Protein chains: 6
Amino acid sequence: MWIYEKKLQYPVKVSTCNPRLAKYLIEQYGGADGELAAALRYINQRYSIPDKVVGLLTDIGTEEFAHLEMIATMIYKLTKDATPDMLKAAGLEDHYVNHDNALFYQNAAGVPWTASYIQAKGDPIADLYEDIAAEEKARATYQWIINMSDDPDLNDGLRFLREREIIHSQRFREAVEILKEERDRKKIF
Amino acid sequence: MWIYEKKLQYPVKVSTCNPRLAKYLIEQYGGADGELAAALRYINQRYSIPDKVVGLLTDIGTEEFAHLEMIATMIYKLTKDATPDMLKAAGLEDHYVNHDNALFYQNAAGVPWTASYIQAKGDPIADLYEDIAAEEKARATYQWIINMSDDPDLNDGLRFLREREIIHSQRFREAVEILKEERDRKKIF
Amino acid sequence: MWIYEKKLQYPVKVSTCNPRLAKYLIEQYGGADGELAAALRYINQRYSIPDKVVGLLTDIGTEEFAHLEMIATMIYKLTKDATPDMLKAAGLEDHYVNHDNALFYQNAAGVPWTASYIQAKGDPIADLYEDIAAEEKARATYQWIINMSDDPDLNDGLRFLREREIIHSQRFREAVEILKEERDRKKIF
Amino acid sequence: MWIYEKKLQYPVKVSTCNPRLAKYLIEQYGGADGELAAALRYINQRYSIPDKVVGLLTDIGTEEFAHLEMIATMIYKLTKDATPDMLKAAGLEDHYVNHDNALFYQNAAGVPWTASYIQAKGDPIADLYEDIAAEEKARATYQWIINMSDDPDLNDGLRFLREREIIHSQRFREAVEILKEERDRKKIF
Amino acid sequence: MWIYEKKLQYPVKVSTCNPRLAKYLIEQYGGADGELAAALRYINQRYSIPDKVVGLLTDIGTEEFAHLEMIATMIYKLTKDATPDMLKAAGLEDHYVNHDNALFYQNAAGVPWTASYIQAKGDPIADLYEDIAAEEKARATYQWIINMSDDPDLNDGLRFLREREIIHSQRFREAVEILKEERDRKKIF
Amino acid sequence: MWIYEKKLQYPVKVSTCNPRLAKYLIEQYGGADGELAAALRYINQRYSIPDKVVGLLTDIGTEEFAHLEMIATMIYKLTKDATPDMLKAAGLEDHYVNHDNALFYQNAAGVPWTASYIQAKGDPIADLYEDIAAEEKARATYQWIINMSDDPDLNDGLRFLREREIIHSQRFREAVEILKEERDRKKIF
């Protein structure tokens, strides 16, 4: 089980009310390669992966929930003072008539999150490559959003998150090697 | 952020290997009214709900993640010793060719989870009725699964979970009353 | 069965050609909490709800079809004289290349309607809370659209529809009380 | 608007409690080519089709709602006396844990209805061919269900419905000819 | 099996970098009536259609893959020199944060392609009407895009593609007549 | 463009009419990690990947279409002599009432294929890891189906396909190394 602690993994600051940036960030909230997808993917795979990797999945999965909370906080801060007219100017009018200023698990184009984005095959090597790909895709998404952003405070948080994805990708690659080595060793005896 | 603690909210026991029961439980894992839907719904609504209700949503949302973990553990225990032939006999052959014995966020019929199941309107009363309905629907789902189950150990856990939903429903109804009262008081002055 | 009568439940007027308002109204045509969702939800639940509530569901479900027709008429009137360039300026170019000026059951962001938005659990209390939540969410959606609209003629129609949702919500709440009372009475004897 | 009249378009009889047949019929309730798809498709196309065809679409669309009600009644009659064990034996256990004995807009495999099944292009010829195809596909579906059914009472109703689809297909083909003729006549002058 | 030949069915030219036009063309890449839908629909129906029509489906299906490649090339050429700012101005910012300048099988509003758009009933007449409707709908879509486009080079390619759809529609109508005639002849003996 | 050649990449044989095996194979036809997903993923990524990798994607993408055709042929051969009763006994009754014996792009549980299964990020490393993961997941799926199959002729074909996925995975891993090396070399100068 999880215990909630009322703090963020890394401080979230935004320079100004900027609903357009919020719109882009929704991609990392409920998009194909966003933090929700990441957290749910890893937490779910723990039951069929070799024991050796369960702790890694729990750690990274739990951290991704913390990232999800950071993204939620960013979106909230970027929009909390926005009037309906400002949301309209930011291309968020579709969002407004459906959700007002509430958050929702969808991508930047408004497509609701679906479990079809993620996978669990029961084969440890396949599942870990799924995870590496997920981290690389999340890294790319952060890059595209940073390219679009001109908010230095926000970018500081986004860069932190992008770096975490790179580290996770590296750790999943190490896990592949550990499992492959073990598999090969078993074949010898 | 959340901290993982390696224990279940309530002990999970199953009497025998029983993949057919596992198939039913998948409904509460990744179905329309399952624990994933519940946890994600409440955690997401926290950013636009009045401060007074944020703590309630955090508490119940966090608890639903603990329920999700209990359901995952139940499914795992009911299937971990099942051969492909046993999965086939249990109507889980579709699951097997796609996921082996891994879990997946889908309903009992194999339809992947979608955020279309849940909602956040930004209107506190609407969101809380959404939550009450969610708890009532989860309660009903637990009842239908208990009706199908003949595993006394499993049923003990399912009854615990069903009772929690009833309590959550009650707490959301109280929250509606608190907010309505406050709204009415504001109108007077 | 239903008989078609060639009139609207309430007169629909619009002040000017305004495809941007039409775009918002699509949310109530084919969105998660729109009139299609409402009508189909109630008509469908009639077969497993106690006899006492069947008439209520038929009445409200049939009325929601009338609302759906009103929304369709509003969208039609707001767009019928719009040129492709006006649709483009209103953010309806995606709609135009797929549907020209035809209507379609999708939300304001262009996501097609799905039955995943609605539910029927077979449990009368759960189903009625689903219905109350639906009405509260529809009420909120009408409010967000009215906030975005500056067409007084259209707003007259939208306010009528919003009021109807409030009345429906009240009637569903009464139905919950009737069923609970009956359930409690049965327990006594 | 529509007025509800408490009678069926054609009497629905079933010989015995037979949830397996009910499962097949769900295909015509909420499947890709079922009655819901038909009714919603025609009612929606009325706003952009030439005036000459509006009445035809209203008539057939309204009749399809009557068919939807007939299918609902068939499913209800085939399942109302079924125990959970009988639903299980009929392959409806997935349905039961989610919906008890309530109906739902999904196909026989349990996939929820989506507006992606239907289309409205604003081009009258394209829309009418969409409608002809819809009727031919519904006719085929009725045939496949009749092939699976050994209930003579049910089959009487299914044959009635199949015949209606054939007549609708014919009427849509006539509408194509009328519009083409008119279009050609216009080109002459 | 298919052999790739490194040339396009018809030369693709575009006058200028124009990401807005690219956005419209995505409708024909991954939309409901686009080239992907067409190609996959025909290739799939070959296994249950009478032998007489298999060759026609293979020919047209293979040609639709060539059209898909033409559309991909058009989109690529219209966007390859676009900066993130130009994509933003063209309403492609949602696309950019998810896919950078990569293509994706979605419609102009960003909804991912789904097989729910197409059908195969096993009934040859129903399947061929599905195909005729598909061609008529694709023709209409090309028309709506041409109406939106002011790029004469692009329009040359689009007109070629529109004409091909008209010819395919004609050929599918001939196939219906051939099969009907054969069916009637069989009934005589 | 592609040219159709009327032969299979590898001969397809099946020992007996066996619709249950056909049901499993549908997973590789229209499932998340099936041949359709593979072919479409690679063909689509060609427009934003570095030139060096375009040929590889074209080659493997084209080969995956050949695999798709082999799977289609297997399903066809396993079911072509099946009666409705045999389809029913094989758990294909849901398929039958919707599609008769036609094929359809869905997974073994009947969920239609969606482009949400695949991705294209525009970042070459991310896209290639997506491709490696895809091949590893397809390999696993073939293994699960082989585990379920007792048809030696079919298994010969399935083993061929599984081996091809392993080779493709290897080639995508080599492509990652080539691109990384090039990237590092560029950084030096």
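The values are calculated or read from the model by the stated rules, or taken from the named source; none is laboratory data. Note that this is a predicted model, so its numbers are computed, not measured. Neighbour counts run over all protein chains shown; Cβ positions are idealised from the backbone, glycine included. Protein only, heavy atoms only, side chains kept; ligands, DNA and RNA dropped before computing areas. Shrake-Rupley method; radii C 1.70, N 1.55, O 1.52, S 1.80 Å.
For E:SER149, the conditions (1) open to solvent by less than 10 Å² (accessible area, probe 1.4 Å); (2) more than 7 Å from every other protein chain (Cβ to nearest Cβ); (3) among the polar types (S, T, N, Q) all hold with the exception of (1). Residue count for the stretch B:67-87, restricted to those that are of a type in the set (D, E, K, R) and open to solvent by less than 20 Å² (accessible area, probe 1.4 Å): 1. For the stretch C:98-131, which positions are within 18 Å of D:GLN45 (Cα to Cα), touching a helix residue (DSSP H, G or I) at 6+ places or on another chain (Cβ under 7 Å) and not small (Gly, Ala, Ser)? Correct list: C:ASN98, C:ASP100, C:ASN101, C:LEU103, C:PHE104, C:TYR105, C:GLN106, C:ASN107, C:PRO112, C:TRP113. Residues being in a helix (DSSP H, G or I) and farther than 23 Å from D:ALA90 by Cβ are entirely absent from the stretch B:17-26. Entry remark, the stretch B:132-184: residues being modelled with pLDDT of 95 or more, not in a helix (DSSP H, G or I) and not small (Gly, Ala, Ser) number 1 in total.
Right, E:GLN143: facing chain F (nearest Cβ under 10 Å) and either open to solvent by 10 Å² or more (accessible area, probe 1.4 Å) or not hydrophobic (A, V, I, L, M, F, W, C) (or both) or not? No.
When you check D:TYR129 against the structure, is it within 30 Å of D:GLU181 (Cβ to Cβ), aromatic (Phe, Trp, Tyr), surrounded by 22 or more Cβ atoms within 10 Å (Cβ to Cβ) and at the interface with another protein chain (Cβ under 7 Å from one of its Cβ atoms), yes or no? Answer is yes for this residue.
Those helices (runs of 4 or more DSSP H) of the stretch D:44-126 in which at least 2 residues are among the small types (Gly, Ala, Ser) and either closer than 20 Å to B:ALA32 by Cα or within 11 Å of chain C (Cβ to nearest Cβ) (or both), considering only elements entirely within it, cover D:51-79. Selection of the stretch B:27-43 for residues being hydrophobic (A, V, I, L, M, F, W, C) and part of a helix (DSSP H, G or I) yields B:LEU36, B:ALA37, B:ALA38, B:ALA39, B:LEU40, B:ILE43. Residues being hydroxyl-bearing (Ser, Thr, Tyr) and touching a Gly at 6+ places or on another chain (Cβ under 9 Å) are entirely absent from the stretch F:147-169. Within the stretch B:167-189, the set of residues being open to solvent by less than 60 Å² (accessible area, probe 1.4 Å) and basic (Lys, Arg) comprises B:ARG173, B:LYS180. For the stretch C:97-116, a residue qualifies if it is touching a Pro at 6+ places or on another chain (Cβ under 9 Å), in contact (Cβ under 8 Å) with a residue 24 or more places away in the chain and closer than 14 Å to D:TYR105 by Cβ, and the qualifying residues are C:TYR105, C:ALA115. Among the residues making up the stretch A:1-42, a single one is open to solvent by less than 10 Å² (accessible area, probe 1.4 Å) and without any contact (Cβ under 8 Å) to a residue 40 or more places away in the chain: A:ALA39. On inspection, E:ARG164 fails the criterion of being farther than 30 Å from D:ALA109 by Cα and either of a type in the set (Gly, Ala, Ser) or surrounded by fewer than 18 Cβ atoms within 10 Å (Cβ to Cβ) (or both). All told, B:ASP94 meets the bar of being crowded, with 18+ Cβ neighbours inside 10 Å, in contact with an Asp or Glu (Cβ under 9 Å, 6 or more places away or on another chain) and among the charged types (D, E, K, R). Scanning the stretch E:12-31 for residues that are of a type outside the set (Val, Ile, Thr) and within 12 Å of chain F (Cβ to nearest Cβ) yields E:ALA22, E:TYR29, E:GLY30, E:GLY31.
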